[in-house]
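The values are calculated or read from the model by the stated rules, or taken from the named source; none is laboratory data. Not measured: the values here are computed from a predicted model. For neighbour counting, all protein chains shown are included, and Cβ atoms are generated from backbone atoms with ideal geometry for every residue, glycine included.
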Amino acid sequence: MRSPPGAGSADARHRPRASSADAPGAAASGAPAMTAAEQTSLRDESLSWAAQHGLLVATEGAPGGATMPAVFTHAPVSLLPTPFPRGAFELAKEVSPFFAELSDLVSRDHAFLETTLSGVLETDAFTKRLWDVYIACGAQAGRHRCEVGVLRADYMLDAPSGAPLQVEVNTVSTSFMALSTRVAQMHRHNVSYFANLQEKYIDDASVEASNDDDFGEVVLERVLPRNDALASAAATLAAGHAAAGDKNAFILMVVQPGETNVFDQRLLAQTLFEEHGVSVTRATLAEIADEASVDDSTSDGFVSFRGVKHSLVYFRAGYAPSDYPSEKEWHARLLLEQSGAVKSPSAAMQLAGTKKIQQALAAPGALERFAPRFAGPLTEQSIAERCAKMRLVFAGLYALDDKDASHAVSLALADPGGFVLKPQREGGGNNLYGEEMVAVLRTHDPSAPRGARGDLSAYILMQRIFPPTNQTLCLRKGEMVQLETLSELGIYGGYVRVGEAVTKNAHGGHLLRTKAATSDEGGVAAGFAVLDSVVLEG
Ligand code: ADP
Ligand code: MG
């Protein structure tokens with residue numbers, strides 16, 4: 001194999017070795033077999049890299065939005081990238097912008113939102129409060145002419161078919177754009193730094209296609225695709241800020257008190273400042289309730305907070321009931337929604353990202369309702385092709401609020417391991433599996449009034465996806481463990497609509513989250529998973 005750049009006199013054979021390519025009993029897909037000493041070198045190099053590049057989380061969150069926690073550790077990470085099939089990665093990338101635009105089209109279709117969410121609105125108090133904010137601000141008529149989305153569609157590989165099946169589309173508070181960028185960089189570093197990891201990860205075809213000078217650019221790029229999630233998210237928010245029309249105004253980043261994923265957010269804020277000259281204020285909903293007002297000194301109606309004008313509100317909080325412990329936080333949400341600032345996302349866009357909407361979009365005819373409204377020019381054939389591509393990633397999704405609910409319930413009771421029961425919640429740890437799911441499904445009573453025991457309108461039922469497993473070296477709180485794992489791919493999108501014109505709808509980088517194969521849920525922040533990156537195969 002060719003030498004990596006910079007190897008020069010420092011011959012690759014003399015560089016540190018983290019794995020032994022010819023070690024007996026090389027591990028299954030994922031982590032190569034390594035001696036304990038090699039694993040320790042890899043751990044130490046990774047820990048050091050993480051500290052040096054901001055791949056960090058706070059160990060204890062600060063109580064206020066702007067207060068900076070001073071005790072931190074590395075983010076939970078895998079030490080090496082995880083194999084993912086190239087075709088599935090490309091398909092997920094290709095369809096994700098279609099889903100971004102679909103989410104916005106749904107958010108603009110009041111009748112569809114109202115009809116689809118009707119059962120949920122009667123049974124789920126949180127979704128109802130969000131709906132009330134949307135209505136109180138004038139529904140569609142009250143919306144800002146710009147919608148700015150930093151979205152993420154999540155996929156798991158369906159082992160039997162090899163297809164990437166969509167777990168969900170997130171329209172609010174997507175996270176890890178910065179840390180996923182850093183993890184991909186750290187994995188590239190590890191693979192280039194340890195000479196024999198290079199041998200393991202860089203295939204001969206890629207090496208043949210390169211020359212010494214472009215080793216880093218071409219060879220690594222083919223197998224370890226660059227991840228520009230951080231730059232993309234900043235560019236999307238900057239475009240929204242520009243569309244708001246006041247270059248001196250700030251962005252208001254709404255954050256949770258006690259946030260530990262603070263570096264992910266601050267790296268984004270710093271990139272906004274350094275690359276786009278836009279300043280960011282961090283504030284909690286409670287702080288906003290106490291100290292923000294709608295600035296009525298101009299017709300813009302921007303948000304005035306601590307004497308500074310903010311033209312775009314970017315939500316990294318506000319997606320869960322726990323973000324609204326009192327009426328105060330709802331008051332803040334209403335104030336922001338009523339203001340003339342651009343919202344990322346609007347309440348309508350957040351509602352369009354609920355699981356009930358996802359289920360309804362997979363029903364026959366639903367895509368066809370929206371496809372003709374996609375930004376064109378589109379022919380009938382190209383619309384049909386786009387719908388067909390989108391359907392490739394739909395898992396089985398079942399309503400529990402219609403005449404077919406009893407059939408769906410009996411399917412799941414006959415095969416509980418094959419289904420997941422989902423309430424209208426975000427943030428991980430809310431879905432029901434196995435016995436817990438069965439206990440709820442057994443209460444189903446098709447004649448139960450809305451909201452009564454036996455009415456399951458607040459839930460949807462989903463086919464359980466079974467991804468292939470890998471062996472992964474995980475690092476959490478400094479401790480290294482090799483686990484049998486499953487991975488979930490997130491594809492970010494940057495979406496900006498100004499009036500009727502979609503001015504941006506672009507791929508926005510990716511995220512791989514990897515969790516123990518024995519764990520049902522996959523949240524990194526919720527403590528179930530590690531941040532990871534892909535090594536493309538095929
Ligand atoms: P949340 O909005 O809370 O993130 P998700 O629908 O993304 O809810 O589910 C949380 C986690 O549960 C996912 O990250 C994934 O690990 C797991 N999960 C969700 N749906 C499925 C499914 N259909 N099959 C297998 N695992 C799933
Ligand atoms: Mg999720």
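Some points to look at:
- Residues that are surrounded by 23 or more Cβ atoms within 10 Å (Cβ to Cβ) and within 11 Å of ligand 1 (Cβ to nearest atom) within the stretch 136-155 comprise Arg152, Ala153, Tyr155, listed in sequence order.
- Strands (runs of 3 or more DSSP E) lying entirely in the stretch 73-184 (those with 2 or more residues that are within 16 Å of ligand 2 (Cβ to nearest atom)): 146-157, 164-170
- The residues on offer are Arg464, Arg476, Arg497, Arg513, and the sole one that is more than 26 Å from Leu91 (Cβ to Cβ) and basic (Lys, Arg) is Arg476.
- Of all the residues in the stretch 427-453, those that are assigned to a loop (DSSP other than H, G, I, E, B) and within 16 Å of ligand 1 (Cβ to nearest atom) number 6.
- Taking (1) more than 12 Å from ligand 1 (Cβ to nearest atom); (2) under 27 Å from Arg282 (Cβ atoms); (3) among the hydrophobic types (A, V, I, L, M, F, W, C); (4) in contact with a helix residue (DSSP H, G or I) (Cβ under 7 Å, 6 or more places away or on another chain) in turn, Ala184 satisfies each apart from (4).
- Some residue of the stretch 460-468 being within 16 Å of ligand 2 (Cβ to nearest atom), at pLDDT 95 or above and among the aromatic types (Phe, Trp, Tyr): no
- Output for the stretch 454-497, where each listed residue is of a type in the set (Val, Ile, Thr), more than 15 Å from ligand 1 (Cβ to nearest atom) and in contact (Cβ under 8 Å) with a residue 60 or more places away in the chain: Val496
- Screening the stretch 423-433 for residues that are near ligand 2 (Cβ under 10 Å from one of its atoms) and among the polar types (S, T, N, Q) and picking the one that is modelled with the highest pLDDT gives Asn431.
- Any hit, the stretch 398-414, residues being closer than 30 Å to Ala501 by Cβ and away from ligand 1 (no atom under 16 Å from the Cβ): no
- Checklist (1) among the hydrophobic types (A, V, I, L, M, F, W, C); (2) over 23 Å from Arg152 (Cβ atoms); (3) within 21 Å of the chain's Cα centre (by Cα) applied to Met349, failing item: (2)
- Some residue of the stretch 510-517 being within 13 Å of ligand 1 (Cβ to nearest atom), in a loop (DSSP other than H, G, I, E, B) and either in contact (Cβ under 8 Å) with a residue 24 or more places away in the chain or buried (at least 20 other Cβ atoms within 10 Å of the Cβ) (or both): yes
- The criterion of being under 26 Å from Ala159 (Cα atoms), surrounded by fewer than 13 Cβ atoms within 10 Å (Cβ to Cβ) and in contact (Cβ under 8 Å) with a residue 40 or more places away in the chain does not hold for Gly396.
- Residue tally, condition in contact with a helix residue (DSSP H, G or I) (Cβ under 6 Å, 6 or more places away or on another chain), assigned to a loop (DSSP other than H, G, I, E, B) and within 16 Å of ligand 2 (Cβ to nearest atom), over the stretch 394-422: 0
- Hey, Gln482 farther than 15 Å from Phe89 by Cβ, modelled with pLDDT under 95 and in contact with a Cys (Cβ under 9 Å, 6 or more places away or on another chain) or not: yes
- Any hit, the stretch 507-526, residues being at pLDDT 95 or above and over 17 Å from the mean Cα position of the chain (by Cα): no
- Among the conditions (1) of a type in the set (Gly, Ala, Ser); (2) in contact with a Leu (Cβ under 9 Å, 6 or more places away or on another chain); (3) more than 23 Å from Pro63 (Cα to Cα), the only one that Gly301 does not satisfy is (2).
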